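Structure record follows, encoded as structure tokens.
The values are calculated or read from the model by the stated rules, or taken from the named source; none is laboratory data. Here the structure is a predicted model, which means the values were calculated and not measured. No Cβ is skipped: glycine too gets one built from the backbone with ideal geometry, and neighbour counts run over all protein chains shown. The protein model used for the area step is the full one, side chains on, heavy atoms only, and it has no ligands, DNA or RNA in it. Shrake-Rupley method; radii C 1.70, N 1.55, O 1.52, S 1.80 Å.
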Amino acid sequence: MRTDIDLDVKQKTFATGLLPDLIAVLQRSRPGDLVGVIADEEGVGPELQTWCRFTGNTLLEATIENGRPRWVFRCGPAPTEESRPLGSRLWLYTNFDCNLRCDYCCVRSSPTAPRRELGLERVQRIAREATQLGVKEIFVTGGEPFLLEDIGEILVACTAAAPTTVLTNGMLFSGRRAETLRALPRDRIVLQISLDSATPDTHDLHRGRGTWARTREGIQLARAEGFRVRLAATVSTDDEAEEFRQFLDEEKVAEEDRVIRRIALRGVAGEGVAVTRADLVPEITITAEGVYWHPVGAEDNDLLVTRDIFPLSESFAAVRTAFDREREHANKLARIFNCA
Ligand code: SF4
């Protein structure tokens, strides 16, 4: 099973220093992260199981790999409907074109990708119907949403239904688009801006030369305009995640305004965490092409639930029915893969 964090404890046991290592892992993980523990001693297993039971973590798997025992546990208990009720989060892909061509984009966006626009009219209808269906948060993403001329109206329609987060690369806040941004309601909008590293190297490697500096400018502008900004990093390794965490600490970014996730092996990504439908707790995601299981694969057939968006109550019901059907397996493996 793929994990978010791997810990090789070698000969350590609970009697000889394993516990501080586990505590350090918990401190740098988020609920739902999967942690792999590799050891030389098979006797670690029963103690790890007991530790998981007492600390509220969930032991998922015990295997032998390359002759060494390996266990995987999930940080925190198995996700339940109570922790994030299905349908409380609604994702809208407003478009698929983008000013960037990141080498790990999970939906293959680029300047030459067809727009495949959801459109203002459909967004307005979704927003109207969503209020009856328990939607508590809306996430607007793409592609780059700020490429759309009517993104201001789209966001205003969303905010009328629920607090709205818009995912953006933060590079287009000038001229007409800056005016659009200024007109948005600060109390109902969060800007989630992608920044992959503390310095330009890694960010620019994946996203293109000069993008880090322009994104930093966008972040400053958004903050100066009074918007709450959440910084979201997509990383390849634990070391990159840790480095970014330190940067966020130095910048005094609040915990709720941080997202650090691994590259998902979807879209154009050549490597990353393989995520299947069974691995994911559904977060209803609507694109011009239909309703999907999760935003991380919003154009992949294995995550398509239905082509019919309306009535929204029926497409929500279709996701619920599919989840109930697959739940037994999902409860064993499914985890929250945080895109926001
Ligand atoms: S990852 Fe985001 S910014 Fe990069 S190409 Fe995809 S949509 Fe655009």
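Can Ser110 be described as within 14 Å of the ligand (Cβ to nearest atom), of a type outside the set (Phe, Trp, Tyr) and either without any contact (Cβ under 8 Å) to a residue 24 or more places away in the chain or within 21 Å of Arg30 (Cα to Cα) (or both)? Against the criterion (within 14 Å of the ligand (Cβ to nearest atom), of a type outside the set (Phe, Trp, Tyr) and either without any contact (Cβ under 8 Å) to a residue 24 or more places away in the chain or within 21 Å of Arg30 (Cα to Cα) (or both)), Ser110 qualifies. The lone criterion from (1) outside any loop (DSSP other than H, G, I, E, B); (2) open to solvent by 30 Å² or more (accessible area, probe 1.4 Å); (3) within 19 Å of Leu90 (Cα to Cα) left unmet by Val319 is number (2).
Among the strands (runs of 3 or more DSSP E) confined wholly to the stretch 139-237, which include 1 or more residues that are touching a Pro at 6+ places or on another chain (Cβ under 7 Å) and closer than 21 Å to Glu121 by Cα?
Details: elements: 164-168, 189-194, 228-235.
Answer list for the stretch 139-237: 164-168.
The conditions of being more than 16 Å from the ligand (Cβ to nearest atom), within 17 Å of the chain's Cα centre (by Cα), open to solvent by 20 Å² or more (accessible area, probe 1.4 Å) and on the phi < 0 side of the Ramachandran plot are not met by Arg122. The residue pairs whose first member lies in the stretch 130-148 and is within 10 Å of the ligand (Cβ to nearest atom), whose second member is assigned to a helix (DSSP H, G or I), and whose beta carbons are closer than 7 Å, counting only pairs six or more residues apart or on different chains, are Thr141/Pro295; Pro145/Ile151.
Here's the yes/no breakdown for (1) among the β-branched types (Val, Ile, Thr); (2) free of Cβ contacts under 8 Å to residues at least 40 places away in the same chain; (3) within 14 Å of the ligand (Cβ to nearest atom):
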{"position": "Leu181", "(1), (2), (3)": "no, no, no"}
{"position": "Asp187", "(1), (2), (3)": "no, yes, no"}
{"position": "Ile193", "(1), (2), (3)": "yes, yes, yes"}
{"position": "Asp196", "(1), (2), (3)": "no, no, yes"}
{"position": "Asp201", "(1), (2), (3)": "no, yes, no"}
{"position": "Arg207", "(1), (2), (3)": "no, no, yes"}
{"position": "Trp212", "(1), (2), (3)": "no, yes, yes"}
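Against the list (1) at pLDDT below 90; (2) open to solvent by 20 Å² or more (accessible area, probe 1.4 Å), the condition Glu117 fails is (1). There is no residue in the stretch 250-265 that is modelled with pLDDT of 95 or more, within 16 Å of the ligand (Cβ to nearest atom) and open to solvent by 30 Å² or more (accessible area, probe 1.4 Å).
Applying a threshold of 6 Å to beta carbon distances and a minimum spacing of six or more residues, or different chains, the list of pairs starting in the stretch 42-63 at a residue that is under 17 Å from Pro20 (Cβ atoms) and ending at one that is in a helix (DSSP H, G or I) and modelled with pLDDT of 85 or more reads Glu47/Phe14.
Which residues, counting only those in the stretch 4-22, are of a type in the set (Gly, Ala, Ser) and assigned to a loop (DSSP other than H, G, I, E, B)? It would help to see each step written out before you state the result.
Applying the first criterion (of a type in the set (Gly, Ala, Ser)) to the stretch 4-22 yields 15, 17.
Once the filter is applied, which keeps residues that are of a type in the set (Gly, Ala, Ser) and assigned to a loop (DSSP other than H, G, I, E, B), the stretch 4-22 yields only Gly17.
Scanning the stretch 128-150 for residues that are more than 22 Å from the chain's Cα centre (by Cα) and surrounded by 21 or more Cβ atoms within 10 Å (Cβ to Cβ) gives a single hit, Leu148.
The sole residue among Pro295, Pro282 that is out of contact with any Ser or Thr (no Cβ under 8 Å at 6 or more places or on another chain), at pLDDT 90 or above and not hydrophobic (A, V, I, L, M, F, W, C) is Pro282. Among residues of the stretch 290-311 that are charged (D, E, K, R), those with a Cβ under 6 angstrom from a residue that is at pLDDT below 95 and surrounded by 16 or more Cβ atoms within 10 Å (Cβ to Cβ), sequence gap 6+ or separate chain, pair up as Asp302/Arg277. Check whether at least one residue in the stretch 213-236 is crowded, with 17+ Cβ neighbours inside 10 Å, under 26 Å from Leu60 (Cβ atoms) and not polar (S, T, N, Q), and report yes or no. Yes, the stretch 213-236 has at least one match.
Here is the figure for the stretch 112-126: residues that are polar (S, T, N, Q) and over 19 Å from Leu312 (Cβ atoms) total 1. Exactly one of these conditions fails for Val305: (1) open to solvent by 20 Å² or more (accessible area, probe 1.4 Å); (2) touching a strand residue (DSSP E or B) at 6+ places or on another chain (Cβ under 8 Å); (3) assigned to a loop (DSSP other than H, G, I, E, B). Give me its number. Result: Val305 passes all but (3).
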